[in-house]
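Here's the structure, in structure tokens; my notes come after.
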Amino acid sequence: MKRRSFLRGAAVTGVAGAAAAASTFPTPAIAQGIRELKMVTTWPKRFPGLGTAAEDLAVRVEAMSEGKLKIKVFAAGELVPPFESFDAVSSGTADMSHSAAYYWQGKSKAFNFFTAVPFGLTGTEHAGWIYAGGGQELWDELAAGFNLKPFLRGSTGVQMGGWFRKEINSLEDMKGLKIRMPGLGGEVLRRIGAAAVNLPGGEIFPALQSGAIDATEWVGPWNDLAFGFYKVAKNYYWPGFHEPGTSGEVLFNLDVWKSLPSDQQAMLDAVIQAQAWKEYADFNTQNANSLDVLVKKHGVQLKKFPDELMAEIGRVSGQVVKEAAAEDAMTQKVYDSFIAYRTKSIGWAKIADQAFWNARSLPFKYG
Ligand code: CA
């Protein structure tokens, strides 16, 4: 029903918003009830797991809608530069985006919590907070202030700590290093004396190669192998304390979202949720596969951050996250919900996931 009134509005009354949206597709398409949404992304074209997930979403939505709803995917820079995708969707230049919320912390620090914060939640915990712990309602409230409707799009799982040219044996070794790290993790690094910068994915390798940065994090073995960081830095540190369960987003322009008929809204909600589960599964599987390639084929040195360094970074992370919350009332509200969920989850995980992983790591023969 809503789509019919939208189309009638475009054809008969010429309502400004509807007419502007309608003008983006040819008249025969309108007559057939076909709508095309422009989706911008922050990923290079067909980038494994991220760019490909964006394109898979478009394919599934078109199939499920029997061709009535199409999504045209624009890789980073094709319609707008990657870090301008938020503004593009907010203003209506694009209809939707495929990205990560922490890139928008300049708009509100609260956005960090919807991707990952240092020493925060794992991907599974994050999904629990969003789907069942009140996170979605807070995200809706935050994003509505920017004329956006957000969805959880998936998780990369626990990320890696990053690629370093030199070894890191102490806090001292981090001081003065120029490291690519987005979100609040970057602020944590600055507090311990490193110089953190953020760069879109496609700009990281040249910066690392030229020496403009000394180290970088990106995602995990699957995505890091694709960018080839092993060619210029051999020390690959774990764990990714700064992004323990990096969760992605699909954003819709709120007016566009509201203009969709209820069946298409329900379909998009369901398919994005299905994609989220698939993306998490892909990352866990391909990270394990790619780690083998990095170590066995490319001679990458896997290294664990020293416990003392992790403990200090953990302490600083707690401070940074708490201070970010104090910046405005909305961020504080998000922080309070997030921390309450984290505290409960830690209690449960101790006797569930964490306890099982510890038990599974005991030195016994299995099979
Ligand atoms: Ca990352």
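Determine how many Å³ per residue the convex hull of the Cα atoms of the chain encloses.
Considering the Cα atoms of the chain, their hull volume per residue is 149 Å³.
So if the hydrodynamic radius of region 34-132 is defined as the Kirkwood radius over C-alpha pairs, what does Stokes-Einstein give as its diffusion coefficient at 37 °C and 0.692 mPa s, in µm² per second?
Rounded, D is 225 µm²/s.
Under 1.5 on a/c is rounded, so check that first for region 71-196, then, if it is not, pick prolate when a/b is larger than b/c and oblate when it is not; a ≥ b ≥ c are the square roots of the alpha carbon gyration tensor eigenvalues.
prolate
With +1 on each Lys and Arg Cβ and -1 on each Asp and Glu Cβ, how big is the dipole of region 73-229 about its Cα centre, in debye rounded to the nearest 20? Display every interim value, and only then the final one.
Details: 11 positive and 16 negative charges, 67 e Å.
For this selection, approximately 320 debye.
Calculate the FRET efficiency for residue 66 and residue 344 from the Cβ-Cβ distance with a Förster distance of 45 Å, rounded to the nearest 0.05.
So, using R0 = 45 Å, E works out to roughly 0.60.
Give, as a single signed number, the net charge of other residues whose beta carbon lies under 13 Å from the beta carbon of residue 80, with Lys and Arg counted +1 and Asp and Glu -1.
Taking every Cβ under 13 Å from that of residue 80, the sum is -3.
Name the residue from 252, 273, 293 whose Cα lies farthest towards the positive end of the charge dipole of region 244-310, charges +1 on Cβ of Lys and Arg and -1 on Cβ of Asp and Glu.
With unit charges placed on the Cβ atoms, the residue in question is 293.
So if I place +1 on the C-beta of Lys and Arg and -1 on the C-beta of Asp and Glu, and nothing else carries charge, what would the dipole magnitude of region 123-178 be about its Cα centre? I want it in debye, nearest 20.
My answer is approximately 340 debye.
³J(HN,Hα) across region 174-188 via Karplus (A = 6.51, B = -1.76, C = 1.60, θ = phi - 60°), whole Hz, x for Gly/Pro?
In residue order, the calculated couplings are 7, 5, x, 6, 8, 10, 7, 7, x, x, 6, x, x, 5, 4 Hz.
Starting from the amide H of residue 76, placed 1.01 Å from N in the peptide plane, find each other amide H under 5 Å away whose residue is 5 or more places distant or on another chain.
Sorted by chain and number, the residues that satisfy this are 41, 43, 45.
Report the gain in length on full extension from residue 255 to residue 87: 0.36 nm times residue separation, minus Cα-Cα distance, nm rounded to one decimal.
Fully extending the segment from residue 255 to residue 87 adds 59.1 nm.
Expressed in nm to one decimal, what extension gain is obtained for the pair residue 329 and residue 284 from 0.36 nm per residue of sequence separation less their Cα-Cα distance?
In short, 12.6 nm is gained.
Provide 78, 312 in ascending order of the number of other Cβ atoms located within 10 Å of each residue's Cβ, fewest first. Spell out each step's value before the answer.
Numbers: 78 13, 312 17.
Sorted ascending by nearby Cβ count, the order is 78, 312.
Taking every pair of alpha-carbon atoms in region 255-363, what share in percent sits in each 10 Å bin, from 0 to the bin with the longest distance?
10, 16, 34, 27, 11, 1
Rounded to the nearest 0.05, what FRET efficiency is calculated for residue 360 and residue 34 with R0 set to 51 Å and r the Cβ-Cβ distance?
0.50
5 Å is the cut-off here: which amide hydrogens, built 1.01 Å from N in the peptide plane, fall below it relative to residue 37, excluding neighbours closer than 5 in sequence?
Amide H to amide H, under 5 Å and 5 or more residues apart or across chains, residue 37 pairs with 70, 71, 72.
Dipole size in debye (nearest 20) for the chain around its Cα centre, Lys and Arg Cβ +1, Asp and Glu Cβ -1?
The dipole of the chain has a size of about 500 debye.
Work out the FRET efficiency for residue 296 and residue 353 from their Cβ-Cβ distance, taking R0 = 41 Å, and round it to the nearest 0.05.
Computed FRET efficiency for residue 296 and residue 353 comes out at 0.90.
Bear in mind that the values in this text are calculations on the coordinates, not laboratory data. All values derive from a computational prediction rather than experimental measurement. Ideal geometry is used to build each Cβ from the backbone, glycine not excepted, and the neighbour counts take in all protein chains shown.
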